[in-house]
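Colleague: Okay, here's the structure, questions in a sec.
Read-outs throughout are calculated quantities, based only on the coordinates presented, and are distinct from any laboratory measurement. Computed from a predicted structure; not experimentally measured. Neighbour counts run over all protein chains shown; Cβ positions are idealised from the backbone, glycine included.
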Amino acid sequence: MTEFWEKSFIQHQEMWGMNASQSTILASQFFQKQGYKSVLVPGCGYGRNAQVFVEAGFDVTGIEISQTAIDLARKAGFTWPIYHGSVAEMPFDSKQYEGIFSYALLHLLDSNVRAKFIESCYQQLAPGGTMIFTSISKEAPMYGKGTKISENEYESPNGIRLFFYDEAMIQAEFSDYGLIESHKIEERDSDNPNKAAISFWWIRCQKPIE
């Protein structure tokens, strides 16, 4: 399993480069408007997205399964705390966070881990807080490529499984967790703007104030 995540991390680094995603910038702006102070970033990778929240003044905590990714984050000078472990093992602390942001992680998880991950995030969300997930959509060019595992899931030739979301699956997996909105967003490699954009879903949930 560790080998899988190391391989996946390397592919994501090669695909997305070092600049932050458009989704992250929008999430940071949204959290700032809400007046949030603390942000949890599960699957923070090598830090390119989480650092955006740090620079915006948030108290940031990351979770990352790949030690290679953590080492690169430290090499880049990122000093915010990172729990080394799988999101399947959440929670790593008893803190509730006002904002939770997860980029391009959901579609790498199997159905059981996805369900536990979403539930764990919701449990760590402070009342009135917001969690935002981005995940690959069926309109992405990778959809339908490789070995079909299920209606929404394919295994690529290099052994990476991808789960592709549509509106029905978003409703099925998030409707019990304060789903507010979901819409498409096109993500581009900011280091290589001439590359074709990939279609993602932006999924926003809010926990009611008790």
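Colleague: Tally Lys/Arg at +1 and Asp/Glu at -1 over every other residue whose Cβ is under 11 Å from the Cβ of residue 155; what's the total?
Modeller: It works out to a net charge of +2.
Colleague: Got the relative contact order for the chain handy, in percent, Cα pairs under 8 Å and 6 or more residues apart?
Modeller: 20
Colleague: DSSP beta bridges in the chain, what fraction antiparallel, as a percent rounded to 5? Don't skip to the end; give the middle numbers.
Modeller: Numbers: 21 of 38 bridges.
Roughly 55 percent of the beta bridges in the chain run antiparallel, per DSSP.
Colleague: Explain nothing, just the number: dipole magnitude of region 2-206 about its Cα centre with +1 on each Lys and Arg Cβ and -1 on each Asp and Glu Cβ, in debye rounded to the nearest 20.
Modeller: Using Cβ point charges on Lys, Arg, Asp and Glu, region 2-206 gives about 300 debye.
Colleague: Picking from 54, 81, 121, whose Cα lies most toward the positive end of the charge dipole for the chain (charges on Cβ: Lys, Arg +1; Asp, Glu -1)?
Modeller: 54
Colleague: Based on the mean of other Cβ atoms within 10 Å per residue, sort peptides 73-86, 54-67, 37-50, 113-126 so the most packed one is first.
Modeller: Peptide ranking by packing, descending: 37-50, 54-67, 113-126, 73-86.
Colleague: I'd like the per residue volume of the convex hull spanned by the Cα atoms of region 2-206, given in cubic angstrom.
Modeller: Convex hull of Cα atoms, per residue: 112 Å³.
Colleague: Would you please give the FRET efficiency between residue 95 and residue 143, computed as 1/(1 + (r/R0)^6) with r the Cβ-Cβ distance and R0 = 45 Å, to the nearest 0.05?
Modeller: 0.75
Colleague: So how far apart, in nm, are the two label points at residue 175 and residue 19 if each is 7 Å from Cα heading toward Cβ?
Modeller: So the label points at residue 175 and residue 19 sit 3.9 nm apart.
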